[in-house]
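Participant: If you scroll down you'll find the structure; I have some questions about it.
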Amino acid sequence: MSKNLNVVGKPFRKVDARAKCVGQTRFADDIVLPRMLFCKILRSHLPHAIIKNIDASKALALPGVFAVVTGKDMPISYGILPVSQDEHALCIDKVRFIGDPVAAVAAIDEDVAFDAMNLIEVEYEPLNTISSIEEAVLIEEPRIHEYGDVGNVHKKVSLEFGDVEEGFAEADLVREDTFFYEGNTHLPMEQHAAVAHFDSDKKITLWSSTQTPHYVHRALAKVLEMRASHIRVIATPNGGGFGGKSDPFNHEVIVCKLAMITGRPVKVTLTREEVFYCHRGRHPVLMKLKTGVTKDGAVTGMHLQTFLDGGAYGSYGVASTFYTGALQTVTYNVPRYKFQGLRAFTNKPPCGPKRGHGTPQPRFGLEVQLDKIAEQLKIDPVDIRRNHLVPPNTVTANYLRIGSMGLGACIDKVVKGSDWKNKFSGWDSTNRKQPFGKGIGIACSSYLCGAGLPIYWNNMPQSGVQLRLDRQGGVCVMCGSTDIGQGSDSILAYIVAEILGIDPFDIRVVTADTDLTPVDLGSVTLMTGNAAIQAAERAREFLVMAVAEKLGVPIENLSLAERRVFDVENPEVGVSFAEAVVLAESKFGTIGTVGSYSPPASPGKFKGSGVGPSPAYSYSASVVEVDVDPDTGIVVVDRVWIAHDIGKSINPMLVMGQVEGSVYMGLGEALMEEMTYRANRNVVHKFPSLLEYKSPTTMEMCDIKTYLIEDPDPNGPYGAKEVGQGPLLPIMPAIANAVYDAVGVRIDEVPITPEKVLKALREKSRGRDGRFGPGDVPKPDWPEPLRVMTPAEGGDGREMPRVAVHS
């Protein structure tokens with residue numbers, strides 16, 4: 001691919017920027033159709049109960065009410081994963097958390113719908129609740145679901161790569177720590193909304209603020225028992241998603257059913273409180289991490305246990321469980337690795353994927369433990385990381401193929417930029433380089449650039465792009481990807497414009513419409529970008545063949561740039577782009593091309609190897625400087641230095657926006673955000689509103705110095721890798737490490753609140769270890785580990801035969 005790029009690598013504005021700035025963008029709640037009705041959903045006020053009876057007669061008698069539906073009207077279950085089809089549009093026999101939907105109303109306006117909703121009478125029989133991971137492991141009855149590994153345990157995972165005990169035996173130091181990462185939610189500005197229209201041909205169209213139109217389309221076909229070809233899902237522009245709009249949701253199914261019953265369009269817009277109940281946010285995770293190292297800090301073996309509080313439904317939970325263990329091996333060399341994961345059902349809003357899906361929690365534990373190990377070995381925290389990085393172009397112990405690896409350069413940038421050597425005291429509290437209360441910390445991370453396998457395993461591409469060129473010189477690019485603010489629409493335009501030699505704003509981008517666009521499963525730059533390159537290269541071939549024939553010059557002499565196709569040896573000889581399209585259409589017929597992308601096969605063949613593989617991995621390193629007030633425990637982050645290995649920036653301005661947005665989200669998770677519940681058997685959410693759920697404002701945002709490290713990966717479009725998720729991961733552990741450097745106490749959980757800092761300081765003043773964090777973890781009956789020989793041992797990625805264990 002040419003090194004002389006005209007569009008890629010340049011800071012163009014987003015293709016939708018002006019529309020958003022002037023208010024022209026139409027979000028789901030902006031859609032108004034003739035004769036439209038409005039929906040309200042009655043939700044359970046109990047966390048766990050049997051539904052004895054639902055009486056909707058008073059609601060139906062209210063003037064202006066057109067329909068009321070209950071679970072019996074939509075009895076077929078659905079879910080995002082094929083192994084967790086455990087949700088119903090409306091609960092049929094049982095509610096499982098406060099906020100579970102029970103009935104829905106369609107009425108002439110929202111006020112009437114709200115009044116009617118409150119007239120519906122539901123008789124419940126309360127059941128005992130499961131409110132924590134520990135309770136779910138210990139209490140088997142009542143079961144929240146009738147499926148799962150045992151009792152209220154949704155999933156258990158046990159994998160071992162190499163002999164970890166042998167690794168511990170070789171170690172000079174073996175350290176064991178427990179950590180807790182509190183759950184938190186996505187907090188997008190836009191609440192969930194959807195509009196459904198059932199037309200005279202008995203076809204349904206749904207406009208929804210979803211991130212995954214293809215999976216919503218699949219769920220609707222199943223629950224409504226309709227032909228998929230009669231269902232159209234249009235993902236409207238999202239006012240933020242962060243993973244919170246990645247599931248098929250009950251309100252999307254409900255409005256479709258109500259539209260079918262009433263014959264009129266139906267809209268639902270959730271309140272902010274309802275968004276908290278939809279949730280699908282970060283899993284609370286309790287962790288136990290045991291790591292063996294040599295005197296120089298090289299890891300000899302690692303054993304990670306994770307316990308996830310999954311809430312009331314499966315969602316992405318099985319994948320989330322695997323993700324808490326998958327990426328521990330892709331930053332530092334871990335020759336032997338054992339992972340045990342458990343996901344529990346509890347009577348809380350269901351958890352799912354949030355930015356970094358399943359990986360920030362174990363990354364927090366690993367990066368904090370590395371600092372503890374570095375202190376015991378008297379090694380600089382920078383050196384224990386920098387000296388033991390995974391080499392590029394290798395395969396890890398758990399069979400993840402590493403391509404380009406720019407983490408070393410990331411570490412070097414933030415260390416130099418932050419003046420680390422002159423600020424870090426080298427574990428000597430008697431010879432501090434900064435005043436007590438001022439501290440500095442470092443952490444690193446990695447993230448995948450798209451999943452190696454689709455949710456529903458098949459041999460089809462994960463991303464497809466269609467191009468259409470018209471004889472006036474217009475280009476339309478169509479793709480199933482969803483722009484949630486990250487700029488995926490713009491990436492499509494930039495890449496196609498680069499190859500066809502036109503301006504990005506000459507291109508019409510049509511995305512996320514299941515009737516018009518090919519399937520895309522993730523809106524990932526690496527995948528959509530490669531599909532776009534293939535489609536654009538094929539279109540370019542048609543153009544240059546036709547122009548070469550017209551001009552009488554060799555095809556290889558032609559170049560496309562500045563809206564022209566011309567001879568590079570004689571640039572004045574050429575035609576306009578529009579003329580080139582006319583020539584191509586005259587020669588070949590209508591010009592339309594397609595491109596698609598499928599990731600390379602994973603080297604792992606064991607059960608569970610589908611989670612973790614990626615065509616490439618991005619890397620980040622961050623140094624954080626904090627100011628901790630020992631009298632109040634308040635932690636203020638003064639400055640963040642962050643470097644991200646982007647591979648190649650398609651648009652550096654958008655990349656920096658994603659990096660700095662990740663820092664902002666990381667500050668919230670580290671210091672204040674938490675999905676917590678009142679300490680009683682009712683499992684009532686403490687903060688289901690923006691008034692009480694604390695998130696950083698501009699006042700809490702710190703100064704950020706961002707470095708973009710370009711280490712192009714051969715699997716990425718122009719060498720590009722992801723940026724939307726990875727830069728979040730190092731922020732939380734870097735802050736925790738900086739707090740320890742500032743005041744000498746370890747906060748082994750997030751959020752790091754003033755109360756926790758003060759408690760740890762009090763403990764330290766009494767001569768104790770000055771730590772705040774969890775004690776031990778549950779001790780479930782783990783299944784016999786699935787054992788896999790590592791690549792270094794000559795393994796082929798397949799599991800070894802299980803050996804019977806006798807007591």
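The values are calculated or read from the model by the stated rules, or taken from the named source; none is laboratory data. In this text, all values refer to a predicted model and were calculated from it rather than measured experimentally. Cβ: placed from backbone, ideal geometry, glycine included. Neighbour counts: every protein chain shown. To get the accessible areas, we keep the full protein, side chains included, count just its heavy atoms, and leave off ligands, DNA and RNA. Shrake-Rupley method; radii C 1.70, N 1.55, O 1.52, S 1.80 Å.
Participant: By DSSP, what percent of the beta bridges with both residues in the chain are antiparallel, rounded to the nearest 5?
Facilitator: So the antiparallel bridges amount to about 75 percent of the total.
Participant: Can you list residues whose amide H is under 5 Å from Lys155's amide H, if they're 5+ apart or on another chain and H is modeled 1.01 Å from N?
Facilitator: Amide H to amide H, under 5 Å and 5 or more residues apart or across chains, Lys155 pairs with Asp149, Arg343.
Participant: For the stretch 82-145 and the stretch 184-229, what is the centre-to-centre distance using only Cα atoms, to the nearest Å?
Facilitator: Distance between centres, Cα-based: 21 Å.
Participant: Here's something else I'd like to know. Can you compute 3J(HN,Hα) from phi for each residue in the stretch 488-493, using the Karplus curve 6.51 cos²θ - 1.76 cosθ + 1.60 with θ = phi - 60°, rounded to whole Hz and x for Gly and Pro?
Facilitator: 5, 4, 5, 4, 4, 5
Participant: For the full complex of protein chains and a 1.4 angstrom probe, list Val83, Val510 by accessible area with the highest value first.
Facilitator: The ordering from most to least exposed comes out as Val83, Val510.
Participant: While we're looking at this one, here's another question. Express the carbon and sulfur contribution to the solvent-accessible surface of the stretch 604-762 as a percent, rounded to the nearest whole number, probe 1.4 angstrom.
Facilitator: Heavy-atom surface of the stretch 604-762 belonging to carbon and sulfur, 1.4 Å probe: 53 percent.
Participant: Spin-label point model (7 Å from Cα, Cβ direction): what's the Asp776 to Thr697 distance in nm?
Facilitator: The modelled label-to-label distance comes out at 4.5 nm.
Participant: Please calculate how many Å² of accessible area the chain carries per residue, with a 1.4 Å probe and no DNA, RNA or ligand atoms counted.
Facilitator: Each residue of the chain exposes 38 Å² on average to a 1.4 Å probe.
Participant: On to the next question. At a 10 angstrom cut-off on C-beta neighbours, averaged per residue, how do the peptides 255-263, 354-362 rank from highest to lowest?
Facilitator: The packing order, highest mean first, is 354-362, 255-263.
Participant: Work out from phi, with θ = phi - 60° and the Karplus expression 6.51 cos²θ - 1.76 cosθ + 1.60, the ³J(HN,Hα) of each residue of the stretch 452-463, listed in order in whole Hz, and give x for Gly and Pro.
Facilitator: Here the 3J(HN,Hα) series is x, 9, x, 4, 9, 4, 7, 9, 8, x, 8, 8 Hz.
Participant: Can you tally the net charge around Arg96? Count Lys and Arg as +1, Asp and Glu as -1, for every other residue whose Cβ sits under 11 Å from the Cβ of Arg96.
Facilitator: -1
Participant: Okay, next question. Apply the Karplus curve 6.51 cos²θ - 1.76 cosθ + 1.60, θ = phi - 60°, to the phi angles in the stretch 538-545 and return the couplings in whole Hz, x for Gly and Pro.
Facilitator: Running phi through 6.51 cos²θ - 1.76 cosθ + 1.60 with θ = phi - 60° gives 5, 5, 4, 4, 4, 5, 5, 5 Hz.
Participant: While we're here: Report relative contact order for the stretch 673-801 in percent, whole number only (criteria: Cα-Cα under 8 Å, sequence separation at least 6).
Facilitator: 11 percent
Participant: Nearest 20 debye, what's the magnitude of the dipole of the chain about its Cα centre given +1 on Lys and Arg Cβ and -1 on Asp and Glu Cβ?
Facilitator: Roughly 160 debye for the chain.
Participant: Counting only the heavy atoms of the protein chains, how much of Thr185 is accessible to a 1.4 Å probe, in Å² to the nearest 10?
Facilitator: About 10 Å², ignoring ligands and nucleic acids.
Participant: Over the stretch 419-515, what is the percentage of antiparallel beta bridges among all DSSP beta bridges, to the nearest 5?
Facilitator: 50 percent
Participant: Trypsin sites (Lys or Arg not before Pro) within the stretch 147-228: which are DSSP loop residues with at most 14 other Cβ atoms inside 10 Å?
Facilitator: Those that pass, being in a loop and sparsely packed, are Lys202, Arg227.
Participant: Note down the relative contact order for the chain as a percent, whole number, built from C-alpha pairs under 8 angstrom at least six residues apart.
Facilitator: Rounded, it is 16 percent for the chain.
Participant: Counting only the heavy atoms of the protein chains, how much of Glu700 is accessible to a 1.4 Å probe, in Å² to the nearest 10?
Facilitator: Number for this one is 80 Å².
Participant: OK, next. If you average the sequence gap of Cα pairs under 8 Å that are 6 or more apart and divide by the length of the stretch 597-735, what percent do you get for the contact order?
Facilitator: This gives 36 percent for the stretch 597-735.
Participant: Could I ask something else about it? Which entry in [x] 53.7; [y] 33.8; [z] 36.6 matches mean projected area of the Cα convex hull in nm² derived from the coordinates of this structure?
Facilitator: [z]
Participant: Let me ask something else about it. Heads up, I need the accessible area for Asp115: 1.4 angstrom probe, whole protein in place, Å², nearest 10.
Facilitator: About 80 Å², rounded to the nearest 10.
Participant: Note down the magnitude of the dipole of the stretch 638-792 about its Cα centre, charges +1 on Lys and Arg C-beta and -1 on Asp and Glu C-beta and zero elsewhere, to the nearest 20 debye.
Facilitator: 680 debye
Participant: For Phe179, Phe542, give me the order by solvent-accessible area with a 1.4 Å probe, most accessible first, ignoring ligands, DNA and RNA.
Facilitator: Phe542, Phe179
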